There are 2 protein chains.
Amino acid sequence: MTITSPRGRTEMLRPDGSPVRVLVVDDETSLTELLSMALRYEGWEVRSAADGAGAMRSARDFRPDAVVLDVMLPDMDGLAVLGRLRRELPQVPVLFLTAKDSVEDRIAGLTAGGDDYVTKPFSLEEVVARLRGLIRRSGAAAVRSESLLVVGDLTLDEDSHDVTRDGQSIHLTATEFELLRFLMRNPRRVLSKAQILDRVWSYDFGGQANVVELYISYLRRKIDAGRPPMIHTRRGAGYLIKPGEPGDAPR
Amino acid sequence: MTITSPRGRTEMLRPDGSPVRVLVVDDETSLTELLSMALRYEGWEVRSAADGAGAMRSARDFRPDAVVLDVMLPDMDGLAVLGRLRRELPQVPVLFLTAKDSVEDRIAGLTAGGDDYVTKPFSLEEVVARLRGLIRRSGAAAVRSESLLVVGDLTLDEDSHDVTRDGQSIHLTATEFELLRFLMRNPRRVLSKAQILDRVWSYDFGGQANVVELYISYLRRKIDAGRPPMIHTRRGAGYLIKPGEPGDAPR
DNA sequence: GCCGTTTCTCAGGGATTTCACAGGAAGCGA
DNA sequence: TCGCTTCCTGTGAAATCCCTGAGAAACGGC
């Protein structure tokens, strides 16, 4: 079931109408807090645990629909936790967090089912998108929602990563794609550069804030070129995307 | 009966519409968990047992449509379990898991009845494919046809392992075949290198992640040569397969 | 056991993507 | 209109990602 909330975003709900539940397991509290905030903002109910024991307790009485699990934990390693979780919650999809350099000690066979993983440092957009994908495909939320975002004549498919405007296919780089996804998931809403930076860039990004301007510029060139513009600047506030009005001068 | 679920994949169902049931018997819990996840993701209902006694209990009250059975079990050996299973579930097909070096002809005798086997370490794609074949042929799921995957003018027959593009037969090696099957079972969906590695390569593969790139390269040479390309790279995300657009430049 | 086939590692090179920097354009208030 | 601030975007360097040839090792059929 998908409903549109008053604030204009689509939310995932369980069959009984209650919000989707996500359990976050990581020993870095700054990370669990960051994630919890982002996931709550999605309208999900979140509980977090800092170690394997806490994770098992939460699994039992919180009964989450999805789990975010750091594979490196202090008391028992992530794999042990995974095993116990699987026994407690056999159906629940897991999103693994893993360090960049452990790409080689790749989580062999962990993503067996519909599971997925992201490498640290990640962007919140990425984590949220993957979680949505996992939950959607697991059917836990009975949200057989489409993977297609539509704003005016602009479409973005989260499964195939295809983007089209007015039927014409548009090639985007990975960062451009995430930025556009974030805009399109919040249509007609002003998003500040800080918000965009926090969501689309990885949490340890230390660069210049004007990358956002730069990527907005890239997107405009690809999305708005020769058409009524959909990406608008609110000076001093941020950017927003909305369907192009035919009356508007093409860009 | 075969239906296409909202997530775009075909599922097997029993004549009464309930999901197919599979019993997994192995004493290595990490393996039963791995398999359970993968099989659940197929939309099947799974129960697992760690020994012969548990297997018999599950056979009686779970009434599975297929059994995955490790021939090496702690309490009684797989053959004894098999005999008891056969008495309890005379019609049910069995997929044997066997160590690489075990006597092949003994297994050959076992699989005479239409059963099948895979050697450890296996890939999840392989186990799932074999199981699908067994179930399809047993008639439990009332699915008789449907061994043919089709994407555009590309076809892959899971029974005969024949692959054709535009009517022309294409020879693939075993690994190439499994990779293509995985792509074709998830058309128009971006699959990350990690997902591909976890699904197509055996669970204990510890090698370089760029084998995936290599095999994509092999596949392209055979599938896309001189034709509109069907295998596409999404830089920073993964690969996907989709029907070639006639307008696309041939490769 | 031998020989063709298949799998996989390694490494170079090429193409793409990301990002910093900086000059210029555009908006805004007085 | 002027001056200040904010935003836009060209340029280029560096990093990253991907492709593929060559060859070693493992496998399989006979």
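Nothing in this text is a laboratory measurement; each read-out follows from the coordinates by a stated rule. Predicted model, so just to flag it, every value in this text is computed and none were measured. Note that each Cβ is placed from the backbone with ideal geometry, even for glycine, and that neighbours are counted across all protein chains shown.
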What does the structure give for B:40-52 when I average, per residue, the other chain Cβ atoms found within 10 Å of the residue Cβ? 2
What is the projected area of the convex hull of the Cα atoms of the range A:7-60, averaged over all directions, in nm²? 4.1 nm²
Projected convex hull area of the range B:115-228, Cα atoms, direction-averaged, in nm², equals 7.7 nm²
Protection proxy (average C-beta count within 10 Å per residue), highest first, orders B:204-213, B:46-55 as B:46-55, B:204-213
Quick one: if you take sqrt(5λ) for each eigenvalue of the C-alpha gyration tensor of the range A:30-75, what semi-axes come out, biggest first, whole angstrom? 18, 14, 8
Over the range B:155-251, calculate the relative contact order: mean separation of alpha carbon pairs under 8 Å at least 6 apart, over the residue count, as a percent. 26 percent
Span per principal axis, largest first, for the Cα atoms of the protein assembly as shown (Å): 77, 57, 43
Contour minus Cα-Cα distance for A:GLU146 and A:GLU45 (0.36 nm per residue): 34.2 nm
Chain A - Debye-derived log10 I(q)/I(0), Cα point model, q = 0.10, 0.13, 0.14, 0.16 Å⁻¹: -0.52, -0.85, -0.97, -1.21
Taking θ = phi - 60°, what integer Hz values does the Karplus form 6.51 cos²θ - 1.76 cosθ + 1.60 yield along the range B:180-191, in sequence order, with x for Gly and Pro? 5, 4, 4, 4, 6, 7, 10, x, 6, 10, 6, 10
Kirkwood Rh for the range A:166-229 from C-alpha pairs, in Å, is 12.6 Å
In whole Å, largest first, what are the principal axis extents of the Cα atoms in the range B:149-200? 32, 22, 15
Chain A, relative contact order [Cα under 8 Å, separation at least 6], %: 14 percent
